[in-house]
Amino acid sequence: MTRPLAIVIGLVPVVLVAAGCGIKAPPLPPLRPVPVPPTQVFASRVGDRVTLRLMVPAENTDPATAVSVGGVEIYARTLPFGSVVPTIAQLVRQENLVGTIAVRPVPEASDEPGVPAAEGPPDPRPGPGELAVWSETISAAAPRELDLTREQRARVAAQRPLWMPLRPTGLIVPLTRVTLPTRYYAAVGVSDRRRPGRPSPVLAVPFGPAPEAPGPLEMTYTESTLKLEWTTREPGASVSVVETTRSGEEQPAPVQEAPITTGSWSTPVAFGVERCFVVRQVIRRGAVSIESATVGPTCETPVDTFGPPAPTGLEAVSSPDGVTLLWDAVTAADLAGYLVLRAEGASETPVLLTPKPITSLQWPDPTVRSGVRYVYFVVAVDTAGNEGARSQGFTIERFTPQDNE
């Protein structure tokens with residue numbers, strides 16, 4: 001009875017030695033990096049057009065691996081009135097793939113230290129961590145019913161629904177069901193080897209009525225500000241302002257992320273540059289917005305017709321040789337110089353004494369005559385030739401060479 005035990009005990013050192021030898025463990029599976037879910041995913045509907053805006057993933061689920069994003073796939077499914085809300089697994093299927101956003105690859109580093117990688121022509125595709133925009137026109141075809149899973153069928157059969165009226169139709173629908181025809185969206189980043197990552201949160205875009213469009217859009221400008229004004233149909237209604245072109249090519253995002261609740265919006269003016277804008281009234285629910293019909297575009301090319309401020313501090317110092325005018329500097333980014341004007345005697349019409357703008361803050365007038373009344377003015381001029389308002393006049397009642405003796 002002791003021999004088998006001895007054999008077992010004798011084998012223990014052998015096993016331990018074998019484990020301590022250089023026997024290799026099973027190889028680890030190769031890394032399969034996939035991107036994290038897209039972030040900041042927003043959806044907006046204007047009529048039958050839905051636009052998604054999202055940030056392209058900028059890292060992998062395994063942060064230790066180099067970013068690998070080959071594209072972002074868009075999945076969508078329209079469900080009819082009364083349908084069960086789909087799960088993410090029911091939405092992210094190949095049959096629901098409606099589009100792909102191509103992504104600009106991360107540029108490869110140069111093999112030589114200190115030498116930048118070669119640059120080619122600009123790539124218009126969004127890169128990792130950048131804003132991407134995708135849009136589609138909703139199909140007019142009747143939506144398909146959702147194929148319920150066994151669990152969904154059991155839950156629906158066992159659940160006692162809570163009912164609510166659907167205005168303005170007066171229909172009664174359960175809260176657990178889709179209360180309007182709705183199109184569901186999800187975005188999935190895929191690696192450069194087409195391996196999918198985790199999906200974004202699901203966005204539900206209902207097909208309900210859109211808000212009424214704002215009133216006429218008007219654009220005005222001053223020497224510093226370009227201003228848009230409109231009339232909203234409902235007090236405090238939100239409005240989205242989007243910059244566009246005369247032909248209707250809109251910028252990817254509104255001029256500010258949050259809808260505007262006032263009846264105006266302004267931005268610094270840029271003279272000689274055409275600016276075009278459109279506005280829409282917005283109903284926002286979380287990351288989904290339903291927008292009215294578009295008002296605009298309204299376009300304007302601001303022209304600089306605004307002169308600099310009027311100079312201040314004008315005074316005159318007389319001497320035996322005449323009069324020297326002095327004044328304070330004008331602050332203007334496009335200041336070209338100053339013009340000096342003089343009214344003589346009983347005349348109320350000033351005459352220009354400097355044919356071209358001067359940059360000095362003083363100017364001598366050796367043409368004055370003894371016993372004559374003079375009134376001087378100074379005007380600032382910008383580089384576009386616009387003259388500002390005159391300074392306050394400085395009067396010499398009766399000039400004599402002894403005035404400052």
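Please treat every number below as a calculation from the coordinates, not as lab data. These figures come from a predicted structure and were not determined experimentally. Every residue, glycine as well, gets a Cβ built from its backbone with ideal geometry; the counts of neighbours run over all protein chains shown.
Which ³J(HN,Hα) values in Hz, rounded to whole numbers, follow from the phi angles of segment 253-258 under the Karplus curve 6.51 cos²θ - 1.76 cosθ + 1.60, where θ = phi - 60° and Gly and Pro get x?
My calculation for segment 253-258 gives 9, x, 5, 8, 5, 7 Hz in order.
Taking segment 338-397 as the region of interest, what is the percent of Cα-Cα pairs per 5 angstrom bin, listed from the shortest bin to the one with the maximum distance?
The percentages, shortest bin first, are 4, 17, 29, 26, 14, 7, 2, 1.
Along the charge dipole of segment 315-396, which of Thr354, Ser318, Ala332 sits closest to the positive end, that is, farthest toward it, with unit charges on the beta carbon of Lys, Arg, Asp and Glu (+1, +1, -1, -1)?
Ranked along the dipole, the leading option is Ser318.
Would you pull out the residues with amide H under 5 Å of Gly99's amide H, same chain only if 5 or more places away, H placed 1.01 Å from N?
Amide H to amide H, under 5 Å and 5 or more residues apart or across chains, Gly99 pairs with Ile74.
Between Arg49 and Thr267, what's the calculated FRET efficiency when r is the beta-carbon distance and R0 is 25 Å? Round to 0.05.
FRET efficiency, Arg49 to Thr267: 0.45.
Of the peptides 50-58, 196-204, 124-132, how do they stack up when ordered by the mean number of other Cβ atoms within 10 Å, highest first?
In decreasing order of mean packing, 50-58, 196-204, 124-132 become 50-58, 196-204, 124-132.
If we count other beta carbons within 10 Å of each Cβ, what is the order of Thr87, Thr294, fewest first?
Arranged by neighbour count, lowest to highest, Thr87, Thr294 become Thr87, Thr294.
Kindly rank 149-158, 307-316 from highest to lowest mean number of other beta carbons found within 10 Å of each residue.
Order by mean packing, descending: 307-316, 149-158.
Suppose R0 equals 41 Å. What FRET efficiency, 1/(1 + (r/R0)^6) with r the Cβ-Cβ distance, do Arg144 and Ala64 give to the nearest 0.05?
0.45
Counting only C-alpha contacts under 8 Å and six or more residues apart, can you give the relative contact order of segment 272-405 as a whole percent?
26 percent
Order these by the 10 Å Cβ neighbour count, fewest first: Lys356, Lys227.
Lys356, Lys227
Any idea how far apart Glu136 and Ser247 come out in nm if each label point goes 7 Å out from Cα toward Cβ?
Spacing of the two 7 Å Cα→Cβ label points: 2.7 nm.
Go ahead and run the numbers for FRET between Ala158 and Arg198, Cβ-Cβ distance against an R0 of 35 Å, rounding to 0.05.
0.70
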